[in-house]
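Asks: This structure is in structure tokens; I'll ask about it shortly.
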């Protein structure tokens, strides 16, 4: 593979803080996305979906309401929990919360059974990190008379559906509404970040290809950026054109791939 050292050194700009933030955001979005994706997608990759993670989330969500209602006292005296929480008002307030957890667990087990039935990833039959198949209903939406694309579905329609549901539940005083609102925002933003990183990767490859093609025109022949697809050499150029060409050859190297012996 050809690597343009000049492009990598001068043009390849990395916003370290932004890159770190995006990757961190994607990392912490795993559980919020899992909470919602099991309802609107199916046929996940075996390394993308984890039943163990789903069970962990369900347990933590199940413990959250009593901890919040009783405060830290329940941690200090777990045997006296019911002295701090009035059972029937508690169940009435969090009935939809635990109903959501139950529905989530049932969907998660269904998704796990789908993975078991799929061909083995070790046989190159399936991408093990597949994010699953989008529910066909989302493809029925149209914007200005045109069907929506996958990017719009993942960044707006899927999270938007849960945002609306969460907002309605929050209006009627159900805490699970806030959970859905938060997860939907994280869901949408995580896919926005994924698409941004994907766009940057493709643009980097395109720019490097252009730099490879136009390096000689810019550095050796001194053509203006208008004649080199916008690429411009920065810095001094040796006076001897033959030496400039010889020097330009050192700017592009070929990376050797490692092969098994």
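The values are calculated or read from the model by the stated rules, or taken from the named source; none is laboratory data. Keep in mind the model is a prediction, meaning the values are calculated, not measured. Note: ideal-geometry Cβ built from the backbone for every residue, glycine included; neighbour counts use all protein chains shown.
Asks: Exactly one condition in (1) modelled with pLDDT under 95; (2) out of contact with any strand residue (DSSP E or B) (no Cβ under 7 Å at 6 or more places or on another chain); (3) more than 21 Å from residue 108 (Cβ to Cβ) is not met by residue 157; state its number.
Replies: (1)
Asks: Then there is this: Of the residues 211, 194, which single one is touching a residue at least 12 places away in the same chain (Cβ under 8 Å) and under 20 Å from residue 154 (Cβ atoms)?
Replies: 194
Asks: Now for a different question. Looking at this structure, is residue 192 surrounded by 15 or more Cβ atoms within 10 Å (Cβ to Cβ), in a helix (DSSP H, G or I) and over 32 Å from the mean Cα position of the chain (by Cα)?
Replies: So residue 192 fails the test.
Asks: Could you tell me which numbered condition residue 200 fails, if it satisfies all but one of (1) over 30 Å from residue 66 (Cα atoms); (2) surrounded by 18 or more Cβ atoms within 10 Å (Cβ to Cβ)?
Replies: For residue 200, the failing item is (2).
Asks: Turning to a different aspect of this structure: Return yes or no: is residue 177 surrounded by 12 or more Cβ atoms within 10 Å (Cβ to Cβ), part of a helix (DSSP H, G or I) and more than 18 Å from the chain's Cα centre (by Cα)?
Replies: So residue 177 passes the test.
Asks: Is the stretch 43-63 home to any residue that is closer than 22 Å to residue 135 by Cβ, modelled with pLDDT of 90 or more, surrounded by fewer than 17 Cβ atoms within 10 Å (Cβ to Cβ) and touching a strand residue (DSSP E or B) at 6+ places or on another chain (Cβ under 7 Å)?
Replies: yes
Asks: Of all residues being within 14 Å of the chain's Cα centre (by Cα) and crowded, with 16+ Cβ neighbours inside 10 Å in the stretch 6-30, which is modelled with the highest pLDDT? Just the residue, please.
Replies: Only one residue fits best here, namely 29.
Asks: If you don't mind, there's one more thing I want to ask. Of the numbered conditions (1) surrounded by 16 or more Cβ atoms within 10 Å (Cβ to Cβ); (2) more than 17 Å from residue 36 (Cα to Cα); (3) under 24 Å from the mean Cα position of the chain (by Cα), residue 149 fails exactly one; give the number of that condition.
Replies: Among (1) surrounded by 16 or more Cβ atoms within 10 Å (Cβ to Cβ); (2) more than 17 Å from residue 36 (Cα to Cα); (3) under 24 Å from the mean Cα position of the chain (by Cα), residue 149 violates only (1).
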